[in-house]
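Notes follow once the structure below has been shown.
What follows is calculated from the coordinates using simple rules that are stated; it is not laboratory data. As the structure is a computational prediction, the values presented were derived from the model and not from experiment. Here the Cβ positions follow ideal geometry from the backbone for every residue, glycine too, while neighbour counts run over all protein chains shown.
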Amino acid sequence: MNMKMIMALVKDEITQTIIDAAREAGATGATVINSAQGEGLKPEKTFFGLDLATQRDIIIFLVAEPKAREILETIAKAGRFDEDPGSGIACQISLEDVVGLTSQLPTLIHEVEDGI
């Protein structure tokens, strides 16, 4: 089965919102890496004038290729990525091989078949 990895970098306070939206759209699981640091176009400053790298979470989803675009668009909408600058970004990457998803395969196959 062709798979994609969706990686979302989001404000830590909207992590659960993104996971819930992805599940609603067909994602079967997620991995969260907490407390990554990053900055956008304009670095944020503290009141002492020091750089402030905001906390981000990295959320990784492995999804069936036919559902990937729908999931990507759903999490972008749920996270208001285009409306609220700095709320998050997401991308999808094609995967050549994936192992370890045996327990999820029946669900993935069922969701892909329902979409056809």
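Below, the figures for the structure above:
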quantity: Highest to lowest packing among 75-86, 6-17, scored as the average C-beta count within 10 Å; calculated: 6-17, 75-86
quantity: Net charge of neighbours whose Cβ lies under 12 Å from the Cβ of Leu95, counting Lys and Arg as +1 and Asp and Glu as -1; calculated: -2
quantity: FRET efficiency estimate (nearest 0.05) - Cβ-Cβ, Glu13 to Ile93, R0 25 angstrom; calculated: 0.45
